[in-house]
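A quick write-up on the structure given underneath.
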Amino acid sequence: MKTDFDFEHLIQPTRIHRDLYINPDLFELEMDRIWGAAWIFIGHESQVPAAGDYYTTNINHNVPVVMVRDKNAAVHVLHNRCAHKGAKIVTQRSGNVRGAFRCAYHGWTFKHDGSLLKIPNKEGYDDTGFDVSDPINNLQSVAQVECYRGFVFATLSKQAPDLVSWLGGAIDCFDNLCDRAPEGEVEVAGGVLRYEHNCNWKFIIENLNDTMHPMVVHQSVVQAAEDYISSLPPEAAKQKSEAEIILPFGASYENFEQSGITGFPYGHHYDGGKTSIHADYSVFPEYLAAMISAYGEARTREIFSFNTHNTLYYPSLTIKCAIQNIRVIRPIAVDRFVVETWSFRLKGAPDEMLQRTLLYSRLINSSGSMVGPDDLEVYRRIQEGLPSNANPWVEMHRQYGREEIHDDRVTGGGTSDLDMRTQYQAWKQYMTGEAFR
């Protein structure tokens, strides 16, 4: 595998080289230097509510891990690999192991915290130099594991800063998501929408805050929604409210420009803040009453006034505070990744809030939705077009040089390419080993 790339050439202030999307050697380096170093989202604590509950995923394309809760309620993220012959300890996506993990090959068993519990016919190791107490014989924990407000992250790097420092100013979006619950906590509810994309993983996170595309890519579905709404009788309020979820995706350039984009170190960013395409969503009376009862009127207004559209925690997690859903990115190959959409219940909120979240996910993010497939079609066209040697560059000039730089963030107009420039500055820092220096 080639490793001696000229990263200064590949990433320039206003353009990036097409190799970032189509070169398999670069992809393998990304898995090692970005996905093997950054804090990667694993799951939410509510996915493992009881002792022995586990959830499996990958940190990158070839490092399987298992998130598990032990009998003392602590949550661990362990390499999903037996210490003996290397077999996966669990193969199901989720489940419960009551007593201990047991390898299906030779029966080695491990406690929920990963420590070795028992080796069958252990006498065979007597006088061989094998040390049963050596920690290498445990299920190994990843280098670091931390949780913020129920969201569990892990990193394979011992040099990565603590999670809160890594999240930086973008942590405000996690706080806003959870503070929208009258009890201050959220929990995973329902199943997952898992959607495979035959293209490079970076396309979707570039697209999150690319506000120059919605009125083009989603034009037909917005027009269809408008036509549908105009055909409804006055009493069809429910049908109208559902169709209206589509309309903001056809907002004008001016509306998106006003929302603004905010970028942070390590590649994080969000659009909105004071306003977003979700800012005009109605507040259900019962939910408003529960929030005021929990926080008071002033604090409730403050929580609702912070409105973002998409927030990216580079490279693996995107969240929507106002909608209470997240999307998780899992790369597989240079031209293949999986995106998962999870919905959250606001603890203490009426059930209609969760139903709105589930409805939004189905309408926007599912493989059979009316918005997500529009984006995927464009990603596929890019993946197929980039191998052409007509032009080796992808540009990101919009509003370059107009950003305002603050202590911990950079801000710009909502239609700028600030989100891409933020991501690829971080990409280069990770790939050159400078991210945590």
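Tabulated data
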quantity	calculated
Matching residues in region 46-96 - criterion: being touching a helix residue (DSSP H, G or I) at 6+ places or on another chain (Cβ under 8 Å) and of a type in the set (G, A, S)	A83, S94
Subset tally (residues that are surrounded by 21 or more Cβ atoms within 10 Å (Cβ to Cβ) and either in the same structural domain as G190 (by TED's automatic domain parsing) or of a type in the set (A, V, I, L, M) (or both)) for region 44-70	6
Filter result for the condition that a residue is touching a Ser or Thr at 6+ places or on another chain (Cβ under 8 Å) and either assigned by TED's automatic domain parsing to the domain that holds V48 or within 30 Å of P49 (Cβ to Cβ) (or both), over K118, K122	K118
Verdict on E404 being farther than 26 Å from K274 by Cα and at pLDDT 95 or above	no
Number of the condition not met by H17 [criteria: (1) over 30 Å from R380 (Cβ atoms); (2) touching a helix residue (DSSP H, G or I) at 6+ places or on another chain (Cβ under 8 Å)]	(1)
I22 under 26 Å from the mean Cα position of the chain (by Cα) and surrounded by 20 or more Cβ atoms within 10 Å (Cβ to Cβ)	no
Unique match (being in contact (Cβ under 8 Å) with a residue 24 or more places away in the chain and either within 22 Å of W342 (Cα to Cα) or not β-branched (V, I, T) (or both)) among D113, D162, D126	D113
Wholly enclosed helices (runs of 4 or more DSSP H) of region 323-437 bearing at least 2 residues without any contact (Cβ under 8 Å) to a residue 24 or more places away in the chain and among the hydrophobic types (A, V, I, L, M, F, W, C)	none
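Residues are listed down the side, and each one gets a yes or a no for (1) modelled with pLDDT under 95; (2) surrounded by fewer than 22 Cβ atoms within 10 Å (Cβ to Cβ):
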{"position": "L312", "(1), (2)": "no, no"}
{"position": "A333", "(1), (2)": "no, yes"}
{"position": "V338", "(1), (2)": "no, yes"}
{"position": "F344", "(1), (2)": "no, no"}
{"position": "Y360", "(1), (2)": "yes, no"}
{"position": "P373", "(1), (2)": "yes, yes"}
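The values are calculated or read from the model by the stated rules, or taken from the named source; none is laboratory data. From a predicted model like this one, the values you see are computed outputs, not experimental measurements. Reconstructed Cβ throughout: ideal geometry from the backbone, glycine too, with neighbour counts over all protein chains shown.
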